[in-house]
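Undergrad: Input: one structure, supplied below.
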Amino acid sequence: ECSKKQKNDDTQSTSVDALSSNDGLEEKNEFHTLANAKILLSDCLACDNCMTSEEGARVFQQNQKELFRILNLNKKCDTSKHKVLAVSICPQSLPYFAAKFNLSVNDAAKRLCGFLKSLGVHYVFDTTIAADFSILESQREFVQRYQRRNQEEHALPMFASACPGWIRYAERVLTNLVTSHICTAKSPQQIMGSLVKGYFARQQNLSPDKIFHVIVAPCYDKKLEALREDFYTALYNSQEVDCVLTSGEIVQIMEQKNVSMKDVTEVAVDSLFDEVKEGDVVRHDGKRSDGYLEHIFKHAAKELFGMDVKEITYKALKNKDFQEVTLEKDGETVLRFAAAYGFRNIQNMVLKLKKGKFLYHFVEVLACPGGCLNGKGQAQTEDGKPDKALLNQMEEVYAAIPVRLPETNMHVQKMYQDWLEGMDSKKVQETLHTKYSAVNQTASNLDIKW
């Protein structure tokens, strides 16, 4: 029985207590009561039987307690052990705070920043710039794969790589059937890890292991992603992301500290660049995600066929979470993209791939029905059911955020040249890309009920 399916409180308590056996020796402090907050791995979206006991233990450690451990460490006099605490917030988390507390998305960002800094966090970043890099690298990789499609068997279709629940399922269950088709660009979360532990650390003259990097994200699978071995630097004994907290876990901290977002002082979100502060919140094309499909589709249309696509028309197929987009030229369909959200649609897609009936060149794959806004770390009621009213509000908030094309971000262009040594450099491959491959198969069929 998968550990994620165990909702028995005693079982969960045993797992957490085993990790906290030295609690009695810890100094009592202002975060002591908060530190005992637990997460349930039953909220994780990754596939059945996919997690080892060691991974389960490490995921349990990624909770509020780990954040408070660093905050308390920084309060002690031994400055040699202090950490610079940086928190990066995913764009799909901000609409949750805005909708839940009836704020504009810009106010929500500033108040969330103010709250985190009141706890002792040093820097609060927006991960949109990391998504810029991820989208740009995905765009370039798709064009290259399309151009090689007749020479390489696995060049197409290309699957998006931003969703860790999907990646986990692909590597542990689907194995070689799809892993060679997954885009090698890192997810925005892990690119943000490279930016904070690489670029920002160098700017601040800090060793990466002196930074404790926390991600605020919509779903629990992001915790699993942060643990991947390929996102660990042995030289500094440091992960790119040290801890992932869901949006809901941040709200739990607020509630336990009896703090209301509306009472928090607004503080401008930090930038990775000198003393500059972030301006208004922006997003990418895409109604409920970072918009890989839309950006890659428009880029490919221009690069491969010289066509400027201004608006994309989605055609819903079996349900609203499986939609396709096509490009026609001279009466021929030259590009066929799809968005497949939720594991039922993913399984249907994979079955078609197995049968050789797969028509798509690119698929934006997300594990959550409804996309990233519907992550189980933020769009659930207290009894674990989807909060549809809140999700509708979040979608309205997200849709109203202005769109910024990643190509127009001058900071990104400058970093390609100054930090990454050019767009085609070895450093780009090392910093912005990874490799997805099959691991020991732990589930044997595609008929798992999600």
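The values are calculated or read from the model by the stated rules, or taken from the named source; none is laboratory data. In this text, all values refer to a predicted model and were calculated from it rather than measured experimentally. Cβ atoms come from the backbone with ideal geometry, glycine included; neighbour counts cover every protein chain shown. Heavy atoms of the whole protein, side chains included, go into the accessibility calculation; ligands, DNA and RNA do not. Shrake-Rupley method; radii C 1.70, N 1.55, O 1.52, S 1.80 Å.
Yes/no per residue for (1) outside any loop (DSSP other than H, G, I, E, B); (2) over 23 Å from the mean Cα position of the chain (by Cα); (3) at pLDDT 95 or above:
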{"site": "Asp280", "(1), (2), (3)": "no, no, no"}
{"site": "Ser289", "(1), (2), (3)": "no, no, no"}
{"site": "His295", "(1), (2), (3)": "yes, no, yes"}
{"site": "Leu304", "(1), (2), (3)": "yes, yes, yes"}
{"site": "Lys310", "(1), (2), (3)": "no, yes, no"}
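Undergrad: Out of the residues in the stretch 320-349 meeting the condition of being over 18 Å from Tyr292 (Cβ atoms), open to solvent by less than 60 Å² (accessible area, probe 1.4 Å) and at pLDDT below 90, tell me which one is nearest to the chain's Cα centre (by Cα).
TA: Phe343
Undergrad: If you take the residues in the stretch 171-190 that are in a helix (DSSP H, G or I), at pLDDT 90 or above and more than 10 Å from the chain's Cα centre (by Cα), which one is surrounded by the fewest Cβ atoms within 10 Å (Cβ to Cβ)?
TA: Top of the filtered list is Ser180.
Undergrad: Might you let me know whether the stretch 141-157 holds any residue that is in a loop (DSSP other than H, G, I, E, B) and crowded, with 24+ Cβ neighbours inside 10 Å?
TA: Looking for residues that are in a loop (DSSP other than H, G, I, E, B) and crowded, with 24+ Cβ neighbours inside 10 Å, one finds none in the stretch 141-157, hence no.
Undergrad: Sticking with this structure for a sec: Please state which one of Lys298, Lys352 is free of Cβ contacts under 8 Å to residues at least 24 places away in the same chain, of a type in the set (Lys, Arg), surrounded by 15 or more Cβ atoms within 10 Å (Cβ to Cβ) and out of contact with any strand residue (DSSP E or B) (no Cβ under 9 Å at 6 or more places or on another chain).
TA: One residue alone meets the criteria, Lys298.
Undergrad: Is it true that Tyr416 is of a type in the set (Ser, Thr, Tyr) and touching a helix residue (DSSP H, G or I) at 6+ places or on another chain (Cβ under 7 Å)?
TA: Values: of a type in the set (Ser, Thr, Tyr): yes; touching a helix residue (DSSP H, G or I) at 6+ places or on another chain (Cβ under 7 Å): no.
Here the answer is no, as Tyr416 does not meet what is asked.
Undergrad: Can you pull out the residues in the stretch 197-213 that are out of contact with any Phe, Trp or Tyr (no Cβ under 7 Å at 6 or more places or on another chain) and under 12 Å from Gln239 (Cα atoms)?
TA: Within the stretch 197-213, Lys197, Gly198, Lys210, Ile211, Phe212, His213 qualify.
Undergrad: Could you grab me the full set of residues in the stretch 67-110 that are among the basic types (Lys, Arg), within 27 Å of Gly375 (Cα to Cα) and touching a strand residue (DSSP E or B) at 6+ places or on another chain (Cβ under 9 Å)?
TA: none
Undergrad: What do you reckon, is Tyr236 in contact with a Pro (Cβ under 6 Å, 6 or more places away or on another chain) and more than 22 Å from Glu407 (Cα to Cα)?
TA: yes
Undergrad: Now for a separate question. Checking the structure you have, find out if any residue of the stretch 376-391 is surrounded by 12 or more Cβ atoms within 10 Å (Cβ to Cβ) and under 22 Å from Lys298 (Cβ atoms).
TA: no
Undergrad: Anything in the stretch 356-375 that is open to solvent by 50 Å² or more (accessible area, probe 1.4 Å) and modelled with pLDDT of 90 or more? List them, or say none. Explain how you work it out, then say what you get.
TA: At the first step, the residues of the stretch 356-375 found to be open to solvent by 50 Å² or more (accessible area, probe 1.4 Å) are 356-357, 359, 369.
Leu359 - this is the single residue of the stretch 356-375 that is open to solvent by 50 Å² or more (accessible area, probe 1.4 Å) and modelled with pLDDT of 90 or more.
Undergrad: Could you grab me the full set of residues in the stretch 406-418 that are open to solvent by 70 Å² or more (accessible area, probe 1.4 Å) and in contact (Cβ under 8 Å) with a residue 24 or more places away in the chain?
TA: Going through the stretch 406-418, the residues open to solvent by 70 Å² or more (accessible area, probe 1.4 Å) turn out to be 407-408, 410-411, 414, 417-418.
The answer is Glu407, His411.
Undergrad: Here is a follow-up. State all residues of the stretch 109-158 that are among the hydrophobic types (A, V, I, L, M, F, W, C) and under 22 Å from Met423 (Cα atoms); if no residue qualifies, say none. It would help to see each step written out before you state the result.
TA: So in the stretch 109-158, the residues among the hydrophobic types (A, V, I, L, M, F, W, C) come out as 109, 112-113, 115-116, 119, 121, 124-125, 129-131, 133, 135-136, 142-143, 155-156, 158.
Selection gives Ile129, Ala130, Ala131, Phe133, Ile135, Leu136, Phe142, Val143, Ala155, Met158.
Undergrad: Could you go through the stretch 104-116 and let me know if any residue there is over 20 Å from Met254 (Cβ atoms) and either assigned to a helix (DSSP H, G or I) or in contact (Cβ under 8 Å) with a residue 24 or more places away in the chain (or both).
TA: No, the stretch 104-116 has no match at all.
Undergrad: I'm trying to understand the selection: among the residues of the stretch 370-390, which are among the polar types (S, T, N, Q) and in a loop (DSSP other than H, G, I, E, B)? Give the derivation first.
TA: At the first step, the residues of the stretch 370-390 found to be among the polar types (S, T, N, Q) are 374, 378, 380-381.
Gln378, Thr381 - these are the residues of the stretch 370-390 that are among the polar types (S, T, N, Q) and in a loop (DSSP other than H, G, I, E, B).
Undergrad: So is Gln203 out of contact with any strand residue (DSSP E or B) (no Cβ under 8 Å at 6 or more places or on another chain) and more than 27 Å from Val105 (Cα to Cα) or not?
TA: Considered against the rule, which asks whether it is out of contact with any strand residue (DSSP E or B) (no Cβ under 8 Å at 6 or more places or on another chain) and more than 27 Å from Val105 (Cα to Cα), Gln203 comes out as yes.
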